[in-house]
Amino acid sequence: MTRSSKNWFEEINYLRAIAIIGVLIIHTTDNTAEVKNLTGLTFSLMYIEELVRFAVPMFIFVSGFVLYNKYKSELLVKDFYKKRFMSILIPYIIFSVVYCIVFVQLGLVPTLTLNSVITSIFNFSAAGHFWYIKLILTFYVFYPIIIAYYEITTDRFGIYTVTALFSPILIMYLLGSFIPSFGFALSTPFKYLIYFLFGIYTNDNYDKIYRLLERITMKKVILLGALILILPFVSMFLFVDPRCGTQFSNSIPYYYQLALVSTHILHICIFMFCLYFLLIYKPRLGILQKIGEYSYGIFLIHALFHYFLLICIFPRFSIFPTSLNFYIILFTLMLTMSYFTVKLMLSNRFTSYMITGKFIND
(Lines give C-alpha, C1' and ligand atoms only; values in the text may rest on other atoms or scores of the structure.)
Protein backbone atom coordinates (compact mmCIF):
# COMPACT_ATOMS: atom_id res chain seq x y z
CA MET A 1 0.00 0.00 0.00
CA THR A 2 1.53 3.31 -1.05
CA ARG A 3 0.62 6.77 0.13
CA SER A 4 1.07 10.07 -1.68
CA SER A 5 3.53 12.62 -0.33
CA LYS A 6 0.78 15.02 0.65
CA ASN A 7 -1.45 13.55 3.35
CA TRP A 8 -4.19 16.16 3.47
CA PHE A 9 -5.68 18.91 1.34
CA GLU A 10 -7.39 21.82 3.08
CA GLU A 11 -9.99 22.23 0.36
CA ILE A 12 -11.46 18.76 1.01
CA ASN A 13 -13.49 19.82 4.04
CA TYR A 14 -14.72 22.89 2.14
CA LEU A 15 -15.92 20.64 -0.69
CA ARG A 16 -17.60 18.35 1.84
CA ALA A 17 -19.30 21.37 3.43
CA ILE A 18 -20.56 22.61 0.07
CA ALA A 19 -21.80 19.10 -0.75
CA ILE A 20 -23.67 18.50 2.53
CA ILE A 21 -25.28 21.95 2.34
CA GLY A 22 -26.38 21.00 -1.18
CA VAL A 23 -27.87 17.72 0.10
CA LEU A 24 -29.87 19.58 2.75
CA ILE A 25 -31.11 22.09 0.15
CA ILE A 26 -32.26 19.21 -2.09
CA HIS A 27 -34.12 17.55 0.78
CA THR A 28 -35.67 20.90 1.66
CA THR A 29 -36.82 21.77 -1.86
CA ASP A 30 -38.14 18.23 -2.38
CA ASN A 31 -41.19 19.48 -0.51
CA THR A 32 -42.25 21.45 -3.60
CA ALA A 33 -43.74 18.11 -4.73
CA GLU A 34 -46.55 18.71 -2.22
CA VAL A 35 -47.54 22.00 -3.88
CA LYS A 36 -48.37 20.45 -7.29
CA ASN A 37 -48.84 23.85 -9.01
CA LEU A 38 -46.06 25.49 -10.99
CA THR A 39 -45.78 28.91 -9.37
CA GLY A 40 -42.95 31.42 -9.38
CA LEU A 41 -41.86 30.12 -5.97
CA THR A 42 -41.89 26.43 -6.89
CA PHE A 43 -40.13 27.08 -10.22
CA SER A 44 -37.38 29.08 -8.46
CA LEU A 45 -36.94 26.42 -5.79
CA MET A 46 -36.80 23.60 -8.34
CA TYR A 47 -34.21 25.58 -10.31
CA ILE A 48 -32.12 25.84 -7.12
CA GLU A 49 -32.67 22.13 -6.50
CA GLU A 50 -31.38 21.25 -9.96
CA LEU A 51 -28.41 23.60 -9.48
CA VAL A 52 -27.35 21.91 -6.22
CA ARG A 53 -27.81 18.35 -7.47
CA PHE A 54 -24.03 18.37 -7.84
CA ALA A 55 -23.95 17.55 -4.10
CA VAL A 56 -23.89 13.73 -4.34
CA PRO A 57 -21.50 13.75 -7.35
CA MET A 58 -19.24 16.06 -5.30
CA PHE A 59 -19.24 13.60 -2.39
CA ILE A 60 -18.32 10.83 -4.85
CA PHE A 61 -15.60 13.06 -6.33
CA VAL A 62 -14.18 13.70 -2.84
CA SER A 63 -14.31 9.97 -2.04
CA GLY A 64 -12.29 9.15 -5.16
CA PHE A 65 -9.84 11.96 -4.38
CA VAL A 66 -9.33 10.95 -0.73
CA LEU A 67 -9.11 7.21 -1.39
CA TYR A 68 -6.51 7.63 -4.11
CA ASN A 69 -4.58 9.96 -1.83
CA LYS A 70 -4.31 7.09 0.68
CA TYR A 71 -4.49 3.89 -1.33
CA LYS A 72 -2.93 3.36 -4.73
CA SER A 73 -2.11 0.30 -6.83
CA GLU A 74 -0.04 -1.57 -4.23
CA LEU A 75 -3.09 -2.15 -2.10
CA LEU A 76 -3.40 -4.40 0.95
CA VAL A 77 -6.97 -5.35 0.11
CA LYS A 78 -7.84 -6.92 3.46
CA ASP A 79 -6.63 -3.86 5.36
CA PHE A 80 -8.43 -1.51 2.98
CA TYR A 81 -11.78 -3.30 3.27
CA LYS A 82 -11.57 -3.56 7.03
CA LYS A 83 -10.85 0.14 7.57
CA ARG A 84 -13.20 1.57 4.96
CA PHE A 85 -16.16 -0.72 5.53
CA MET A 86 -16.12 -0.41 9.32
CA SER A 87 -16.08 3.38 9.15
CA ILE A 88 -19.22 3.29 7.00
CA LEU A 89 -21.08 0.13 8.07
CA ILE A 90 -21.04 0.58 11.85
CA PRO A 91 -22.61 4.09 11.82
CA TYR A 92 -24.98 2.98 9.06
CA ILE A 93 -26.30 -0.01 11.05
CA ILE A 94 -26.65 2.02 14.24
CA PHE A 95 -28.55 4.82 12.52
CA SER A 96 -30.72 2.37 10.58
CA VAL A 97 -31.98 1.04 13.92
CA VAL A 98 -32.44 4.60 15.22
CA TYR A 99 -34.48 5.60 12.14
CA CYS A 100 -36.66 2.49 12.42
CA ILE A 101 -37.49 3.34 16.04
CA VAL A 102 -38.05 7.06 15.45
CA PHE A 103 -40.18 6.53 12.32
CA VAL A 104 -42.51 4.24 14.26
CA GLN A 105 -42.88 6.95 16.92
CA LEU A 106 -43.62 9.56 14.25
CA GLY A 107 -46.19 7.31 12.60
CA LEU A 108 -44.25 6.93 9.35
CA VAL A 109 -43.93 3.17 9.81
CA PRO A 110 -46.83 1.08 11.19
CA THR A 111 -44.93 -1.47 13.30
CA LEU A 112 -41.42 -2.26 14.49
CA THR A 113 -40.20 -5.86 14.42
CA LEU A 114 -36.78 -7.45 14.42
CA ASN A 115 -37.43 -8.75 10.92
CA SER A 116 -38.41 -5.29 9.61
CA VAL A 117 -35.25 -3.74 11.10
CA ILE A 118 -32.97 -6.42 9.61
CA THR A 119 -34.72 -6.13 6.24
CA SER A 120 -34.35 -2.35 6.20
CA ILE A 121 -30.63 -2.66 6.99
CA PHE A 122 -29.99 -5.13 4.16
CA ASN A 123 -32.17 -3.16 1.73
CA PHE A 124 -30.72 0.24 2.74
CA SER A 125 -34.32 1.38 3.24
CA ALA A 126 -34.44 2.52 6.88
CA ALA A 127 -34.28 6.10 5.57
CA GLY A 128 -34.61 7.47 2.05
CA HIS A 129 -31.13 8.97 1.88
CA PHE A 130 -29.38 5.69 2.76
CA TRP A 131 -29.23 4.77 -0.92
CA TYR A 132 -25.99 6.76 -0.86
CA ILE A 133 -24.46 4.31 1.63
CA LYS A 134 -25.14 1.47 -0.79
CA LEU A 135 -23.56 3.53 -3.58
CA ILE A 136 -20.36 4.34 -1.70
CA LEU A 137 -20.00 0.74 -0.51
CA THR A 138 -20.23 -0.36 -4.14
CA PHE A 139 -17.26 1.86 -4.99
CA TYR A 140 -15.36 0.41 -2.03
CA VAL A 141 -16.04 -3.15 -3.20
CA PHE A 142 -14.81 -2.43 -6.73
CA TYR A 143 -12.05 0.02 -5.74
CA PRO A 144 -9.14 -2.33 -6.66
CA ILE A 145 -10.68 -2.88 -10.12
CA ILE A 146 -11.33 0.86 -10.60
CA ILE A 147 -7.72 1.65 -9.65
CA ALA A 148 -6.45 -1.00 -12.06
CA TYR A 149 -8.58 0.52 -14.87
CA TYR A 150 -7.32 4.02 -14.05
CA GLU A 151 -3.63 3.14 -13.85
CA ILE A 152 -3.65 0.91 -16.97
CA THR A 153 -5.36 3.75 -18.89
CA THR A 154 -2.84 6.28 -17.58
CA ASP A 155 0.14 4.10 -18.54
CA ARG A 156 -1.12 3.36 -22.06
CA PHE A 157 -2.56 6.71 -23.13
CA GLY A 158 -0.36 9.28 -21.39
CA ILE A 159 -1.44 12.79 -22.36
CA TYR A 160 -4.69 11.39 -23.79
CA THR A 161 -5.68 9.86 -20.44
CA VAL A 162 -8.68 12.13 -19.94
CA THR A 163 -10.20 11.20 -23.29
CA ALA A 164 -9.44 7.50 -22.90
CA LEU A 165 -10.67 7.44 -19.31
CA PHE A 166 -14.02 9.17 -19.65
CA SER A 167 -15.12 8.70 -23.27
CA PRO A 168 -16.06 4.98 -22.96
CA ILE A 169 -18.16 5.71 -19.87
CA LEU A 170 -19.98 8.63 -21.49
CA ILE A 171 -20.61 6.65 -24.68
CA MET A 172 -22.05 3.70 -22.75
CA TYR A 173 -24.10 6.11 -20.65
CA LEU A 174 -25.66 7.61 -23.77
CA LEU A 175 -26.17 4.17 -25.32
CA GLY A 176 -28.02 3.18 -22.17
CA SER A 177 -30.53 5.95 -22.80
CA PHE A 178 -31.23 4.65 -26.34
CA ILE A 179 -30.72 0.87 -26.22
CA PRO A 180 -32.41 -1.30 -23.56
CA SER A 181 -29.55 -3.85 -23.53
CA PHE A 182 -27.23 -1.07 -22.34
CA GLY A 183 -29.62 -0.09 -19.57
CA PHE A 184 -27.06 -1.05 -16.91
CA ALA A 185 -25.13 2.10 -17.91
CA LEU A 186 -27.92 4.15 -16.31
CA SER A 187 -27.74 2.24 -13.02
CA THR A 188 -26.74 4.33 -10.01
CA PRO A 189 -23.13 3.10 -9.52
CA PHE A 190 -22.22 3.40 -13.21
CA LYS A 191 -23.87 6.82 -13.41
CA TYR A 192 -21.57 8.17 -10.67
CA LEU A 193 -18.40 6.34 -11.76
CA ILE A 194 -17.26 9.29 -13.85
CA TYR A 195 -17.15 11.50 -10.72
CA PHE A 196 -15.25 8.90 -8.71
CA LEU A 197 -12.67 8.61 -11.50
CA PHE A 198 -12.53 12.41 -11.81
CA GLY A 199 -11.63 12.59 -8.11
CA ILE A 200 -8.85 10.04 -8.63
CA TYR A 201 -7.58 11.91 -11.69
CA THR A 202 -7.62 15.24 -9.83
CA ASN A 203 -5.57 13.84 -6.95
CA ASP A 204 -3.12 12.19 -9.30
CA ASN A 205 -2.70 15.40 -11.32
CA TYR A 206 -3.18 17.89 -8.50
CA ASP A 207 -0.22 20.14 -9.29
CA LYS A 208 -1.00 20.25 -13.00
CA ILE A 209 -4.65 21.12 -12.37
CA TYR A 210 -3.59 23.77 -9.86
CA ARG A 211 -1.33 25.41 -12.46
CA LEU A 212 -4.12 25.30 -15.05
CA LEU A 213 -6.56 26.94 -12.66
CA GLU A 214 -4.00 29.64 -11.84
CA ARG A 215 -3.87 30.60 -15.52
CA ILE A 216 -7.63 30.97 -15.93
CA THR A 217 -8.54 34.60 -16.56
CA MET A 218 -11.37 36.34 -14.72
CA LYS A 219 -13.27 36.57 -18.01
CA LYS A 220 -13.25 32.77 -18.31
CA VAL A 221 -14.34 32.42 -14.68
CA ILE A 222 -17.30 34.72 -15.35
CA LEU A 223 -18.21 32.70 -18.47
CA LEU A 224 -17.98 29.50 -16.42
CA GLY A 225 -20.27 31.02 -13.79
CA ALA A 226 -22.75 32.06 -16.47
CA LEU A 227 -22.73 28.54 -17.93
CA ILE A 228 -23.40 27.11 -14.46
CA LEU A 229 -26.40 29.43 -14.02
CA ILE A 230 -27.84 28.58 -17.46
CA LEU A 231 -27.47 24.78 -17.53
CA PRO A 232 -30.05 23.96 -14.80
CA PHE A 233 -32.76 25.40 -17.07
CA VAL A 234 -31.92 22.66 -19.60
CA SER A 235 -32.32 19.63 -17.33
CA MET A 236 -34.67 20.72 -14.53
CA PHE A 237 -37.86 19.70 -16.36
CA LEU A 238 -37.04 16.05 -15.72
CA PHE A 239 -38.57 16.59 -12.28
CA VAL A 240 -40.62 19.75 -12.90
CA ASP A 241 -42.96 17.87 -15.27
CA PRO A 242 -43.83 14.94 -12.98
CA ARG A 243 -44.27 17.22 -9.96
CA CYS A 244 -46.39 19.87 -11.60
CA GLY A 245 -48.07 17.95 -14.43
CA THR A 246 -46.42 20.03 -17.16
CA GLN A 247 -45.27 18.63 -20.51
CA PHE A 248 -42.22 20.73 -21.39
CA SER A 249 -39.82 17.79 -21.74
CA ASN A 250 -42.15 15.90 -24.08
CA SER A 251 -42.10 18.75 -26.59
CA ILE A 252 -38.32 18.60 -27.10
CA PRO A 253 -36.88 15.72 -29.20
CA TYR A 254 -34.33 13.59 -27.31
CA TYR A 255 -34.80 15.74 -24.24
CA TYR A 256 -33.79 12.93 -21.88
CA GLN A 257 -30.40 12.49 -23.59
CA LEU A 258 -29.89 16.26 -23.71
CA ALA A 259 -30.62 16.49 -19.99
CA LEU A 260 -28.16 13.68 -19.19
CA VAL A 261 -25.33 15.38 -21.04
CA SER A 262 -26.06 18.88 -19.71
CA THR A 263 -26.25 17.55 -16.13
CA HIS A 264 -22.77 16.01 -16.36
CA ILE A 265 -21.38 19.22 -17.89
CA LEU A 266 -23.05 21.27 -15.13
CA HIS A 267 -21.56 19.16 -12.35
CA ILE A 268 -18.04 19.17 -13.79
CA CYS A 269 -18.25 22.97 -14.29
CA ILE A 270 -19.32 23.41 -10.66
CA PHE A 271 -16.43 21.22 -9.47
CA MET A 272 -13.96 23.31 -11.45
CA PHE A 273 -15.51 26.56 -10.23
CA CYS A 274 -15.30 25.42 -6.60
CA LEU A 275 -11.73 24.16 -7.01
CA TYR A 276 -10.73 27.44 -8.66
CA PHE A 277 -12.19 29.49 -5.83
CA LEU A 278 -10.71 27.30 -3.08
CA LEU A 279 -7.24 26.91 -4.60
CA ILE A 280 -6.77 30.46 -5.82
CA TYR A 281 -8.42 32.47 -3.04
CA LYS A 282 -7.74 30.02 -0.18
CA PRO A 283 -10.64 31.09 2.07
CA ARG A 284 -10.38 30.72 5.83
CA LEU A 285 -13.93 30.03 6.99
CA GLY A 286 -13.85 28.02 10.20
CA ILE A 287 -17.56 27.25 10.25
CA LEU A 288 -17.43 25.78 6.73
CA GLN A 289 -14.43 23.65 7.65
CA LYS A 290 -16.32 22.32 10.68
CA ILE A 291 -19.44 21.59 8.62
CA GLY A 292 -17.21 19.68 6.22
CA GLU A 293 -15.56 17.81 9.08
CA TYR A 294 -18.99 16.86 10.45
CA SER A 295 -20.51 16.19 7.02
CA TYR A 296 -20.93 12.42 7.37
CA GLY A 297 -22.57 12.82 10.77
CA ILE A 298 -24.84 15.56 9.44
CA PHE A 299 -25.75 13.29 6.53
CA LEU A 300 -26.64 10.45 8.87
CA ILE A 301 -28.75 12.45 11.31
CA HIS A 302 -30.37 15.31 9.38
CA ALA A 303 -33.46 13.37 8.23
CA LEU A 304 -34.49 12.83 11.86
CA PHE A 305 -34.85 16.58 12.29
CA HIS A 306 -36.37 16.91 8.82
CA TYR A 307 -39.29 14.61 9.61
CA PHE A 308 -39.63 15.85 13.19
CA LEU A 309 -40.02 19.44 11.99
CA LEU A 310 -42.44 18.50 9.19
CA ILE A 311 -44.66 16.27 11.34
CA CYS A 312 -44.50 17.73 14.84
CA ILE A 313 -43.61 21.41 14.55
CA PHE A 314 -44.62 23.01 11.25
CA PRO A 315 -48.33 22.02 11.34
CA ARG A 316 -48.70 23.59 14.80
CA PHE A 317 -47.42 26.92 13.50
CA SER A 318 -49.23 26.71 10.14
CA ILE A 319 -45.99 26.63 8.14
CA PHE A 320 -46.76 25.07 4.76
CA PRO A 321 -44.77 24.41 1.52
CA THR A 322 -46.67 27.15 -0.31
CA SER A 323 -44.68 29.74 1.67
CA LEU A 324 -41.03 30.71 1.19
CA ASN A 325 -40.66 30.81 4.98
CA PHE A 326 -41.28 27.05 5.04
CA TYR A 327 -38.09 26.36 3.05
CA ILE A 328 -35.91 28.94 4.79
CA ILE A 329 -36.91 27.77 8.28
CA LEU A 330 -36.70 24.07 7.42
CA PHE A 331 -33.21 24.34 5.91
CA THR A 332 -31.85 26.60 8.67
CA LEU A 333 -33.19 24.49 11.55
CA MET A 334 -32.23 21.20 9.92
CA LEU A 335 -28.63 22.32 9.38
CA THR A 336 -28.27 24.00 12.79
CA MET A 337 -29.79 21.13 14.77
CA SER A 338 -27.77 18.53 12.85
CA TYR A 339 -24.51 20.46 13.23
CA PHE A 340 -24.75 20.94 17.00
CA THR A 341 -26.01 17.40 17.59
CA VAL A 342 -23.02 15.95 15.73
CA LYS A 343 -20.66 18.31 17.54
CA LEU A 344 -22.07 17.17 20.89
CA MET A 345 -21.93 13.49 19.92
CA LEU A 346 -18.31 13.73 18.82
CA SER A 347 -17.32 15.13 22.21
CA ASN A 348 -18.22 11.82 23.88
CA ARG A 349 -16.30 8.57 23.47
CA PHE A 350 -19.37 6.38 23.05
CA THR A 351 -21.64 8.61 20.98
CA SER A 352 -18.76 9.44 18.65
CA TYR A 353 -18.65 5.71 17.88
CA MET A 354 -22.13 6.04 16.37
CA ILE A 355 -20.76 8.45 13.74
CA THR A 356 -17.15 7.42 13.20
CA GLY A 357 -17.33 3.66 13.76
CA LYS A 358 -14.42 3.85 16.20
CA PHE A 359 -13.82 5.03 19.73
CA ILE A 360 -11.94 8.28 20.34
CA ASN A 361 -8.15 7.67 20.50
CA ASP A 362 -8.54 4.24 18.85
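When the accessible area of the stretch 34-90 is computed with all protein chains present and a 1.4 Å probe, what percentage of it is carbon and sulfur? Before the final figure, lay out the partial values.
On the way: 1510 of 2470 Å².
Of the solvent-accessible surface of the stretch 34-90, carbon and sulfur hold 61 percent.
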- Message: Quick one: 3J(HN,Hα) in Hz for the stretch 179-191, Karplus 6.51/-1.76/1.60 with θ = phi - 60°, rounded, Gly and Pro as x.
- Response: 10, x, 5, 9, x, 4, 5, 9, 5, 4, x, 5, 4
- The rounded separation in angstrom of the Cα centers of the stretch 199-275 and the stretch 71-149 is 29
- Query: For the stretch 208-341, what % of the accessible area comes from carbon and sulfur atoms, probe 1.4 Å?
  - Reply: 72
- Cα-Cα pairs of the stretch 8-91 separated by more than 23 Å (percent): 42
- Could you calculate the contour length gain from residue 172 to residue 248, that is, 0.36 nm times the residue separation minus the distance between their Cα atoms, to one decimal place in nm? 24.7 nm
- Query: Out of residues 5 or more away from residue 319 or on other chains, whose amide H comes under 5 Å of its own, with H placed 1.01 Å from N in the peptide plane?
  - Reply: none
- Item | Distance between modelled label sites at residue 216 and residue 181, nm, 7 Å Cα→Cβ extension | 4.1
- Item | From phi via Karplus (6.51, -1.76, 1.60), per-residue ³J(HN,Hα) for the stretch 201-211 in Hz, x at Gly/Pro | 4, 5, 5, 5, 10, 4, 5, 5, 5, 4, 5
- Task: Subtracting the Cα-Cα distance from 0.36 nm times the residue separation, let me have the gained length for residue 81 to residue 257 in nm, one decimal.
- Result: 59.7 nm
- Query: When the Karplus curve 6.51 cos²θ - 1.76 cosθ + 1.60 is applied with θ = phi - 60°, which whole-Hz ³J(HN,Hα) does each residue of the stretch 24-29 get, with x for Gly and Pro?
  - Reply: 5, 5, 4, 5, 6, 6
- Note on the structure: Between residue 323 and residue 155, the two model label points (7 Å from Cα along the beta-carbon direction) sit apart by a distance in nm of 6.3
- Could you rank the peptides 175-183, 329-337 by their average count of other C-beta atoms within 10 Å per residue, with the highest value first? 329-337, 175-183
- Item | Distribution of pairwise C-alpha distances over the stretch 118-209, 10 Å bins, in % | 14, 38, 33, 12, 2
- How long is the gain from residue 284 to residue 131 if the chain were fully straight, where each residue apart is worth 0.36 nm and the alpha carbon distance is subtracted? 51.8 nm
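The values are calculated or read from the model by the stated rules, or taken from the named source; none is laboratory data. In this text, all values refer to a predicted model and were calculated from it rather than measured experimentally. Ideal geometry is used to build each Cβ from the backbone, glycine not excepted, and the neighbour counts take in all protein chains shown. Accessible surface is based on the protein model in full, side chains and every heavy atom, while ligands, DNA and RNA are left aside. Shrake-Rupley method; radii C 1.70, N 1.55, O 1.52, S 1.80 Å.
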